[in-house]
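Everything on this sheet refers to the single structure shown next.
We did not get these values from a lab; they are worked out from the coordinates using the rules stated. Just so you know, these numbers come straight off a predicted model, no measurement behind them. Here the Cβ is made from the backbone with ideal geometry for all residues, glycine too, and neighbour counts use every protein chain on show.
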Amino acid sequence: MKILPSALYLVLLTMPALAQSQPGAQKTLAAIPPMGWNSWNKFHMKIDDATVRAQADAMVSSGMKAAGYEYVNIDEGWEGARDTQGNLSPNQGFPDMKALAAYVHSKGLKLGIYTSPGPKACGGSEGSYGHEEQDASLFASWNIDYVKYDWCTAGTVYSEDQYPLALEKMAKAIARAGRPMVYSIHGRGAVWKYSAAAGAQLWRTTGDIRDDYNRMIAIGFAQKGLERYAGPGHWNDPDMMEVGNGGMKDNEYRMHMSLWCLLAAPLIAGNDLTAMTPETLAILTNAEAIAVDQDPLGTQGRTIYEEGPVAIIEKPLADGSHAVGLFNREQGTIKVSVKFSDLGLAEDATVRDLWQHKDLGPFHGSFSADVPQHGALLLRIH
């Protein structure tokens, strides 16, 4: 179950999502940022039915489903060939996609699929160019819940002025297929300016993430200024998470999770859910951090201070409090301070540390803390 005030969440589900007036839009989809798992970061093209089922099982048994994760998304690597009528079949690793969807649904989860607006996907698999209606209908017949649309070779068949049209084609095809499916795109150009009108619920704002600290912070802190494009039903997507894949230290993964939650980003895990360390699981299922991401107000955090390696990001929450991240991206321990007046709060406020799950007490005027190198404090200030 999502960690949300139930009354606010029920109200939100009845509200039309902003900027979703175009044909093909799904008005109540992704009212809060989607949470789930995607196969690419860990498995790349080596994905099959058994692996997907194992990840779905682990999402439930690990407690991730209880924490709010629900989508089990198959990235590239499922595709087979098209027949002479253009109908696409899965490869031999996926003998019965509808049965796989039924299995995932039986766990109380949802299944996602991957394709491209180009003739080929990024790894050479069949794309959906010229087959948008066929593929959307196929996905609906399989009871798919989420479609990732990855740009890949689309630049070979579409000019820059046609980018929104290329994405809108699939949005309309999904709508005509008659099954609500979250539509996640990786386009080109200023996608945040045109993707909601093209029918998408989320859009990648950067290139691909890697399990590398410098790449993670380059992507995460590049979201500055995009907050005005995010809200219920339409989200900036800084890419899937790398938490638990081994290329970063746990403190860096906590920074990763803190940053994505403050940005109201989709929380799409990319690790092997069947082989998580206790620390990885604790990071991914931190209920207080997830509540920041899933807050029904739907506001993306904004940078209120940035100097050298230090950054402060704040996110107003539905209950009137503010989530605040204090980040030290480079050097040894640095004292970082946030003024309550910069948050629009009165001089007296209480502070809670969301990683320590600890109330730090009342403070007057400001709050200061030592933030270690590659560290982040995630706070709730009221």
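For a Förster distance of 25 Å, can you work out the FRET efficiency between the beta-carbons of residue 249 and residue 222, rounded to the nearest 0.05?
For R0 = 25 Å, the calculated efficiency reads 0.70.
Each residue of the range 159-173 in turn: what ³J(HN,Hα) in whole Hz from Karplus with 6.51, -1.76, 1.60 and θ = phi - 60°, glycine and Pro shown as x?
Coupling constants for the range 159-173: 7, 4, 6, 9, 3, x, 5, 4, 7, 5, 3, 6, 4, 5, 5 Hz.
Rounded to whole Hz and in sequence order, give me ³J(HN,Hα) for the range 103-114 from the Karplus expression 6.51 cos²θ - 1.76 cosθ + 1.60, θ = phi - 60°, writing x for Gly and Pro.
Running phi through 6.51 cos²θ - 1.76 cosθ + 1.60 with θ = phi - 60° gives 5, 4, 5, 5, 8, x, 10, 10, 10, x, 9, 10 Hz.
Where a Cα-Cα gap under 19 Å defines reach, which lysines qualify for residue 148, not counting those fewer than 8 residues away within the same chain?
In chain and number order, the partners are 27, 42, 46, 98, 110, 120, 169, 172, 193.
Kindly provide the Kirkwood hydrodynamic radius of the chain in Å, to one decimal, from all pairs of distinct alpha carbon atoms.
Values: mean 1/r = 0.0473 Å⁻¹.
Kirkwood hydrodynamic radius for the chain: 21.1 Å.
Going by average Cβ density within 10 Å per residue, which order do the peptides 196-202, 371-377 take, highest to lowest? Display every interim value, and only then the final one.
Details: 196-202: 25.9, 371-377: 19.7.
Output ranking for 196-202, 371-377: 196-202, 371-377.
Can you tell which of 333, 51, 280 shows the greatest fluctuation in a Gaussian network model of the chain with Cα springs below 10 Å?
Among 333, 51, 280, the largest GNM mean-square fluctuation belongs to 333.
What lysines could a cross-link reach from residue 339, if we take a straight Cα to Cα line under 18 Å and drop same-chain neighbours fewer than 8 places away?
Within reach: 315.
Using the C-alpha atoms of the range 259-380, what convex hull volume per residue, in cubic angstrom, is computed?
Values: hull volume 13.6 nm³, N = 122.
Taking only Cα atoms, the range 259-380 has a hull volume of 111 Å³ per residue.
Let me check I've understood the local charge: for residue 173, count other residues with C-beta under 11 angstrom from its C-beta, Lys and Arg +1, Asp and Glu -1. What total comes out?
Here the charged neighbours net out to -1.
Which of the peptides 155-168, 295-308, 120-133 is most tightly packed, and how do the rest follow, going by the mean number of other Cβ atoms within 10 Å of each residue?
Highest to lowest by the protection proxy: 120-133, 295-308, 155-168.
What's the magnitude of the charge dipole for the chain around its Cα centre, counting Lys and Arg as +1 and Asp and Glu as -1 at the beta-carbon? Answer in Debye, nearest 20.
Magnitude of the dipole: close to 520 debye.
Would you mind calculating the gained length between residue 84 and residue 357 on full extension (0.36 nm times residue separation, minus the Cα-Cα distance), in nm to one decimal?
92.4 nm
State the antiparallel share, in %, of DSSP beta bridges confined to the chain, rounding to the nearest 5.
Close to 60 percent.
Could you calculate the contour length gain from residue 46 to residue 99, that is, 0.36 nm times the residue separation minus the distance between their Cα atoms, to one decimal place in nm?
Gain on extension, residue 46 to residue 99, equals 17.1 nm.
In deg cm²/dmol and to the nearest 500, what is the mean residue ellipticity at 222 nm of the chain if only DSSP H runs of at least 4 residues count, each as -39500 (n - 2.57), divided by the residue total? Intermediate results must be reported in sequence, preceding the final value.
Values: 12 runs with 103 residues, N = 382.
Mean residue ellipticity at 222 nm (helix-derived): -7500 deg cm²/dmol.
Order the peptides 354-365, 267-278 from the highest to the lowest mean number of other Cβ atoms within 10 Å of their residues.
267-278, 354-365
Pull up the cross-link candidates among the aspartates and glutamates for residue 358, meaning alpha carbon to alpha carbon under 17 Å and not fewer than 8 places away within one chain.
Hits, sequence-local ones excluded: 288, 370.
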